[in-house]
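Enquirer: Attaching a single structure in C-alpha cells format; questions to follow.
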Amino acid sequence: MSRLARLEPVAFSRWDAVHAALSVAVPTAIGAAIGHGADASLVALGALPAITGDRTGPYRARARSILITIVTGVVGFHAGMLVHHVGLTHPWLAHVLLQIAILLLSFIGTFGNVASAATLQGAVYLFVGWGLELPPPQWRAPLLLASGGIFSMLLMAAHWMRHPGAAERDAVAAIYQQLANVLDASGTPRVRLARRSLENAIAAAYDTLLTARASTSSGWEVLERRAAQILAAEPITSAVIGLAQGGQPVPAPLGKALYALARSIARDRAVDIDAAVASAKDSHAPALAAALHRAEPLLTGTVHAAEAPLVALARHQARASAHPRWVPKWPWPDVWRYLVRIGLCVVVAQIFIAVAALPRSYWVPLIVVIIFKPNYGSVFARALQSGVGSIVGVALSAAVVAIDRNGWFNLATLIPLAACLPWALRRNYGLFSALLLPILMLVMGALQPGNQDIALARFVDAVAACAIVLLIGYLPWAKWERRQLDERVANALDALGRYAALADTHDADAAFAARRAAYKALDDTRIALQRALSEPPLVSRRAARWWPALVALERVADAVTDTVPHGDDHNAPVHPAAAILTHMAAALRHGGPVPVLPAGPIEGVDPILSGVLREAIGMLFSTPDSTD
C-alpha cells in the first residue's frame, strides 16, 4: 500500500497550471455569466483532452499530438451520440456497437504513445456522448466540444510564441543538470540511476533538436547554438564518467559548477566557463578541467567550428529516434490478450449497468477504459488507486453540489482542481483520479443537473469499475503478468548482447543506437519491476527476485560502455561478452544450460566487464524457482 501511495518526484509547472485553469474556468465563467451553462460545459469538456494529452518535446510535435487527441475525442463523442440514438430503438445493438468501437480504439491504442493517449480520449468521449441526452441539432455538441479544444490550443500557442525554443533549451540544460547529478551521486548507490538519467537526457536532447531541425524553416541560429551545446557535452560527459568510475565521492564544488552551467543555459544567459574550469582545477580534477576548456568554444559560441553544429548532429541521425510510427504493437499475442481482457471487462460493465439500473451508469465502462489504458502502468495499482481516488473525488464533488450547484462556488472549486490536474497526472494515478472525477462531475452538472444521489451513484460506479477490472481483467491473468517479467529481463539481455557486439565495431552511429536501445530496455525493465512490486505476491515475489539481477545488468551496461570500445583484440566473430549475454538470454527464455565462464581471464574481455558478467550470471541463475 505504501508503494501505491508513493508520489513521483515531479516539478510543479506554473504554466501548465495556469493553462489548465484557464482552459476550464474561462468558458465555464462566461457560460454562467450569460446563462448558457450547458454550452459552456461542453466547451470546457473539449479542453480536457488538450490538458491531459500534452507531452514534452518540440512545440510542433506537441501540437500535432494534442490536435490528434482533440480530433479523436470529438469523433468519439459524435459516435457516442449516434450510438445513443440507435439505443433508443435497439438497446442491445447499441451495446454491440459500443463493444466494437472500444475494441477498435483499443487496438489502435497499441500503435504508440500518441495513439494511446488519443484513443483513450476517443473511448472516454464515446461513453460521454452515449450517456448524455443532448438537444438537436446533432452537429452542435461536437462543434462546442471542438471549440474547447481549439481554445485550449490557442492558449498554448500564445505561450509558445512568447517563449520560442524553450523545449530545445530545456532539453539541452537537462544534459548538464544530469551531469551534475552524476557527480553528486559518485561514490553512492545512486550513481547507476544518475547515469541512466544522463543517457536519457542526452537521447531526449538529440531527438528534440533533430525533430525541430526537420520541422522548422526559421530560427536556425538558435538551433545551431543548442546543437553546439549538445556537442560540447561529449568531452564533459567522458570526464564526468571517468570521475564516477573511481567509486569515491567527488568534491561538492564540481557538481555546483555544472549546476551553474545548467542554470545559465536554462535561463538563456552567458555561460561562465572560466568559473567551472577554476572549480575543476581547485578540486584536483584535471581531466574535467581540460574537457571544459575543450568545450568552451562550443558552449560560448566564441569560435565557429569547421562544421556547422546542426550538420554534425545530423551525421548522428541514428542517435535520434524517428517520428512515432503508426504501426501495431508486436508481438500479436500480446495485442490479442489485451483486447480480450478489455473486451471482457467492458462486457461485464455493460451487464452491470443493465442490472443495477443506477442513474447515468455509463461511468462504469468509462472508468474501466481509463484504468486499462495502455502504457499507464500496473492495472492492479491503477484499479486500487482509482478506487481510493474516487472516494475522495466523490466526497469533494458531493460537498460542492450540496453547497452551490452550477454556481460561482462551483467555478471557484474548478479553478484549483483544474490547475493541479497536469501535475497530478504525472505524480500518482490515485491523485489524478481524485481530481479528474470531481472536475467531470462539476462540469457535466450543467448538462445533467442532479443532487447528492448522483454523487453517490458515481461512487458506486467507480467501485464497481475497479472491482470488474480486478476480478475480470487482472486476477485471471496474474500468471501471464509474472511471465512477462521474465521476458522483460530476457529482452534486456538481448539488447545488451547487441550493444556489446556493435560497440566492438567501428560503426559509431550503430553502436550509439544500440547503446540507446540497451539502456531503454533496462529502463523499461526497471519500470516494469517497480510497478510489479506493488502487485500481489504471485507477481511481486518474481519482481523482487529480478531486482538484484537488474542492478547487475545495469553494471554490465556501464562496463560495456567503458571497456568494449577500447578493449583488447580477439579472434571471435563477435565480441565474447556479446556471445555470453546472448547465451544468458536464451537460457533464461528457454531454460537451456546456464553459461559457465572460465575461472581465469577471458580473451578479449576486460577484467571489469568479466567481473560484472560473473555477478550477473550469479544473480540471474542461482536463485531456485521454488523460492518464488
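Readers should treat all values here as calculations from the given coordinates under stated rules, not as data from a laboratory. These numbers come from a predicted model, not from an experiment. Here the Cβ positions follow ideal geometry from the backbone for every residue, glycine too, while neighbour counts run over all protein chains shown.
Enquirer: Hey, could you grab the Kirkwood Rh for region 460-551? Inverse mean 1/r over distinct alpha carbon pairs, Å, one decimal.
Expert: Numbers: mean 1/r = 0.0670 Å⁻¹.
By the Kirkwood definition, the hydrodynamic radius is 14.9 Å.
Enquirer: Using only helices, what value at 222 nm comes out for the chain when you add -39,500 (n - 2.57) per DSSP H run of length 4 or more and divide by the total residues, to the nearest 500 deg cm²/dmol?
Expert: Details: 24 runs with 466 residues, N = 628.
Rounded to the nearest 500, the figure is -25500 deg cm²/dmol.
Enquirer: May I pose another question? Which value, to two decimals, describes the C-alpha radius of gyration of the chain once divided by 2.2 N^0.38 Å?
Expert: Normalised Rg, Cα atoms only: 1.05.
Enquirer: Student exercise: in the chain, how many lysine pairs 8 or more apart or on different chains have Cα atoms under 26 Å apart?
Expert: The number of close lysine pairs in the chain is 7.
Enquirer: Could you sort the peptides 472-482, 596-606, 362-372, 520-530 by per-residue average Cβ neighbour count (10 Å cutoff), highest mean leading?
Expert: Order by mean packing, descending: 362-372, 520-530, 472-482, 596-606.
Enquirer: Under the rule of at least 5 residues apart or a separate chain, name every residue whose amide H is placed under 5 Å from the amide H of GLU535.
Expert: Long-range HN contacts for GLU535: SER540.
Enquirer: Pull up all non-local amide H partners of GLY187: gap of 5 or more, or a different chain, and H-to-H distance under 5 Å with H placed in the peptide plane.
Expert: Here the answer is GLY247, GLN248, since their amide H atoms fall under 5 Å of that of GLY187.
Enquirer: Check VAL574: other-chain or 5+ apart residues with amide H under 5 Å from its amide H, H built from backbone geometry?
Expert: none
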